[in-house]
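I have placed the structure first, in the form of structure tokens, so that the comments after it can refer back to it.
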Amino acid sequence: KEALAACSLVSSTCRSFAQPQLFQDVRLGVLNRPLDQFLAFLEARPHLAKAIRLLDIYYFDGADSAAVTADMLQPTPSSLCPSLMYNIAMQLSKEARVNLKLEGVHIPGWPRDTPLPTRRARLHWLTLLSPLYQTPKQPYTVPFDFLGLFDVDELRLFNGRSDSPFTLEFLEVPDEISLATLGSPRPIARYVEVIGLDDLAMSTLAHGGFDPKHLTTLSFTLKNYDALVLAGMMLQLHSRCIHDLRIDVTNITRVHLGGSVDVIYANLFKLSSCICLERLIMSWWAPTSTDATSASGPEIYEALAAMVASTPRSLRKLELCPPYVDRTPEMLAPIMRLLVPIIETAIALFPNLETVTVVILSACSMKGKCADVLRSSVVPRKVVDSGKLKYEYRETYHRTSCAVL
């Protein structure tokens, strides 16, 4: 970045080359640069707006984004005005794969004196990380459908909350809430990922869910019982349009759920209704090699087995993502012993099954040792001979850099 910045100062020719590279990834702190100033900047320099591929707007320091406190989410003068946010998104290139990320911000109602837009801003992905959605109590704001502003390929909702109470049991949403409105066109997203319990996901579900003509993939990280209930309700509402389903079951234990894993899955997470499901991806971050047979370890595999057993026979691909093995590839041996019954069940149940892929997350230097462990693991000959069991190696850490405004 420093070299590109220096290059842009050499001459106008160098600037025309360097500036689009500099503005591919932009981080904007709204405490330091209000949105109206940034919008004016983009309107005056449309060539730079078209260069942006990632726009990350945050209220607090991104380095602290994993530790959002209540103080960070209190109403401040730096609220994201949704009409400004929409206009900024419209300035970005409509053909490019533009990514928008909002971190730790809070979003009020729509300005009463501004007409609601009729066109959706096109984005590749939209990530909402721990936002606070405010009920429009002031006379100058009105409720609106936040997700209805965008046409999104990939939508990620991370633990968003509202300042109005939600009741998950009956999915009651206050009438004045600004996250969605009855009668609005359904939000357009092709891939939706929900981590934990998210109020925007709940509100969208209560108002009819996502447009089924576009939605094909759902992804859930089930952090607690309420997150499991929400995921089950979303799955039921969109069951006839989902082709891919991705689930992180790390926290699915008797301790978290307060009962039998099999019974809870049968009652709340009915995969059998997903008659178009073709691909199921299941991941978990425990157990390790030392606790693979501990009290919590087997329950994760009970959850995996329960989901596989209830999956429609249309399934073509099953992907299992065990924990990161780091520098202890021996972890794979006890994990594979617990996975073998699930793999055997999948091969027996699904007539159109093409592959069962076990994804090995490890450092590149450990690939050979992991392969040795897998070759010596207790996998029945009939599973190997079926030709459906595959192993895929993936590295885990990636670093990126971006401009900070």
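Restricted to segment 144-186, and to residues that are more than 20 Å from the chain's Cα centre (by Cα) and modelled with pLDDT of 75 or more, which residue is farthest from T217 (Cα to Cα)?
Ranking the qualifying residues of segment 144-186, first place goes to F144.
Starting from residues that are assigned to a loop (DSSP other than H, G, I, E, B), open to solvent by less than 50 Å² (accessible area, probe 1.4 Å) and not hydrophobic (A, V, I, L, M, F, W, C), keep the ones in segment 198-250 and report whichever is modelled with the lowest pLDDT.
Ranking the candidates gives T250 first.
Within segment 299-306, is there a residue that is more than 20 Å from V249 (Cα to Cα), out of contact with any strand residue (DSSP E or B) (no Cβ under 7 Å at 6 or more places or on another chain) and either open to solvent by less than 30 Å² (accessible area, probe 1.4 Å) or part of a helix (DSSP H, G or I) (or both)?
Scanning segment 299-306 turns up no residue that is more than 20 Å from V249 (Cα to Cα), out of contact with any strand residue (DSSP E or B) (no Cβ under 7 Å at 6 or more places or on another chain) and either open to solvent by less than 30 Å² (accessible area, probe 1.4 Å) or part of a helix (DSSP H, G or I) (or both).
List pairs: first in segment 122-133 and of a type in the set (G, A, S), second open to solvent by 10 Å² or more (accessible area, probe 1.4 Å), Cβ under 7 Å, 6+ apart or cross-chain?
Correct list of pairs: S130/V68; S130/F158; S130/N159.
Test each condition in (1) at pLDDT below 90; (2) crowded, with 23+ Cβ neighbours inside 10 Å for A189 and report the one that comes out false.
A189 satisfies all of (1) at pLDDT below 90; (2) crowded, with 23+ Cβ neighbours inside 10 Å except (1).
For segment 251-267, check the following and say yes or no: at least one residue is modelled with pLDDT of 85 or more, within 23 Å of F158 (Cβ to Cβ) and touching an Asp or Glu at 6+ places or on another chain (Cβ under 9 Å).
In the first step, residues of segment 251-267 are kept if they are modelled with pLDDT of 85 or more; the result is none.
No, segment 251-267 contains no residue that is modelled with pLDDT of 85 or more, within 23 Å of F158 (Cβ to Cβ) and touching an Asp or Glu at 6+ places or on another chain (Cβ under 9 Å).
Determine if segment 272-284 includes at least one residue that is open to solvent by 10 Å² or more (accessible area, probe 1.4 Å), modelled with pLDDT under 90 and part of a loop (DSSP other than H, G, I, E, B).
no
If R375 meets every condition in (1) in a helix (DSSP H, G or I); (2) at pLDDT 80 or above; (3) of a type in the set (K, R) apart from one, which number is that one?
Result: R375 passes all but (2).
Do we have any residue at all in segment 328-339 that's part of a helix (DSSP H, G or I) and modelled with pLDDT of 90 or more? It would help to see each step written out before you state the result.
Initial filter on segment 328-339 (part of a helix (DSSP H, G or I)): 329-339.
Filter once more, so that each one left must be modelled with pLDDT of 90 or more: 339.
Yes, some residue in segment 328-339 is part of a helix (DSSP H, G or I) and modelled with pLDDT of 90 or more.
Checking V340 against (1) free of Cβ contacts under 8 Å to residues at least 24 places away in the same chain; (2) open to solvent by less than 60 Å² (accessible area, probe 1.4 Å); (3) closer than 26 Å to R279 by Cα, only one condition comes out false. Which one?
It is condition (1) that V340 fails.
Restricting to segment 45-89, and then to whatever is of a type in the set (S, T, N, Q) and under 18 Å from G109 (Cβ atoms), can you tell me which residue is modelled with the lowest pLDDT?
Q74
The values are calculated or read from the model by the stated rules, or taken from the named source; none is laboratory data. Owing to the predicted nature of the structure, the values given are computational and were not obtained by experimental measurement. Methodologically, a virtual Cβ is constructed for each residue, glycine included, from the backbone with ideal geometry; neighbour enumeration extends over all protein chains shown. SASA here: full protein model, heavy atoms, side chains in, ligands and nucleic acids out. Shrake-Rupley method; radii C 1.70, N 1.55, O 1.52, S 1.80 Å.
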